[in-house]
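First up is the structure itself, then whatever we jot down about it.
The values are calculated or read from the model by the stated rules, or taken from the named source; none is laboratory data. All figures in this text were calculated on a predicted structure; none of them were measured in a lab. Neighbour counts are summed over all protein chains in view; Cβ atoms, including those assigned to glycine, are modelled from backbone coordinates with ideal geometry.
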Amino acid sequence: MRGIAAAVGGRQVWSDVSLDVEPGQFVAVLGPNGAGKSTLLKAILGLTPITAGTVEVLGGRAGRRNAGIGYLPQRRAFDASVRIRGLDIVRLGLDGARWGIPVPLLSRSIAPQRYAAARQRLREVIELVGASAYAHRPIGQCSGGEQQRLLIAQALVRRPRLLLLDEPLDSLDVPSQAGISALIRDICRQEKVAVMMVAHDVNPILPYLDRLLYLARGTALSGPPEEVITGEKLSALYGIRIEVLRDSTGRLVVVGQPDIAAGHAPTEPDAGPPR
Ligand SMILES: Nc1ncnc2c1ncn2[C@@H]1O[C@H](COP(=O)(O)OP(=O)(O)OP(=O)(O)O)[C@@H](O)[C@H]1O
Ligand SMILES: [Mg+2]
């Protein structure tokens, strides 16, 4: 991306966003509600047109190479009454149908070799995300974190070269956020896939990231963690005082991010002390 801008509903959401993402890199997209994080993923998919700059995705214009992209849209959890098995949710990723009627791709009517390869790949991604123990259960009976793992497997099953994950950590506890981030980092390395993940709280995921892209107040800040995670830069971006501390093990900790104090609800000015 080189100096790109996007407008939604006639209003400019952000401008001057530039970023390079290499194969095998894990990039987080951060920023408060409404900053345009989902819009950025949609711009990469060619679903939201850019109004300035240039974007090249997998060697083509945005929208042209979407077969090489795995996309997990921002969503809520499955209701407990959903009976479809986790395995079948993952399988939907193989035929590209997300919420349509499942095509019987794995029925034996297809060529035996394709059938075997598809089954093998299903098993492989389910193992990769650590979901083997519950993949045969109805997804409505899986926990939020288990559901997220199955959805990541769905986005991965067609061996994408780029994986776009919109808040896969939403509603997970802090250890699960770190656990899924570690998993995604391993997938980046093993499958040589580039990952862009939208998230709210940088702290649990920071040790796993190669790059960050912050969106706030219509502008962007991007780079490797050591460059971007400074009190000075984050305070200037958000327009409020943000501190960056180092714990006894040398890990960076961001204190005062306005967008995480109230979880996913819009933050009130008097919503209490920042975490
Ligand atoms: N279809 C639409 N029509 C008009 N405005 C829209 C539309 N979709 C999004 N917007 C606006 O564009 C801005 C960016 O939205 P976007 O969904 O990209 O934010 P976000 O950073 O993903 O927020 P969140 O953290 O809440 O998911 C918001 O102000 C939103 O209200
Ligand atoms: Mg969003």
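Observations, loosely collected:
- Region 201-224 - residue that is in a strand (DSSP E or B) and of a type in the set (Gly, Ala, Ser) and, of those, surrounded by the fewest Cβ atoms within 10 Å (Cβ to Cβ): GLY223
- Matching residues in region 56-98 - criterion: being more than 30 Å from CYS142 (Cα to Cα) and surrounded by fewer than 20 Cβ atoms within 10 Å (Cβ to Cβ): GLU56, LEU58, GLY59, GLY60, ARG61, GLY63, ARG64, ARG65
- Residue satisfying all of: in region 215-261; of a type in the set (Ser, Thr, Tyr) and at pLDDT below 90; nearest to ASP16 (Cα to Cα) among these: TYR238
- Beta carbons closer than 9 Å, at least 6 apart along the sequence or on distinct chains, pair a first residue in region 74-95 that is of a type in the set (S, T, N, Q) with a second that is within 16 Å of ligand 1 (Cβ to nearest atom) and part of a helix (DSSP H, G or I) for GLN74/LYS37; GLN74/SER38; GLN74/LEU41.
- For region 17-37, the set of residues classified as surrounded by 14 or more Cβ atoms within 10 Å (Cβ to Cβ) and either in a strand (DSSP E or B) or in contact with a Pro (Cβ under 8 Å, 6 or more places away or on another chain) (or both) consists of VAL17, PHE26, VAL27, ALA28, VAL29, LEU30, PRO32, listed by residue number.
- Within region 162-200, the residues that satisfy the criterion of being assigned to a loop (DSSP other than H, G, I, E, B), touching a residue at least 40 places away in the same chain (Cβ under 8 Å) and crowded, with 18+ Cβ neighbours inside 10 Å are GLU167, PRO168, ASP170, VAL193, ALA199, HIS200.
- Criterion (outside any strand (DSSP E or B), away from ligand 2 (no atom under 13 Å from the Cβ) and touching a Leu at 6+ places or on another chain (Cβ under 7 Å)) met by exactly one of GLY46, GLY63, GLY70: GLY63
- Residue in region 136-143 that is surrounded by 15 or more Cβ atoms within 10 Å (Cβ to Cβ), of a type in the set (S, T, N, Q) and touching a Pro at 6+ places or on another chain (Cβ under 9 Å) present: no
- Region 5-37, residues that are within 13 Å of ligand 2 (Cβ to nearest atom) and among the charged types (D, E, K, R): LYS37
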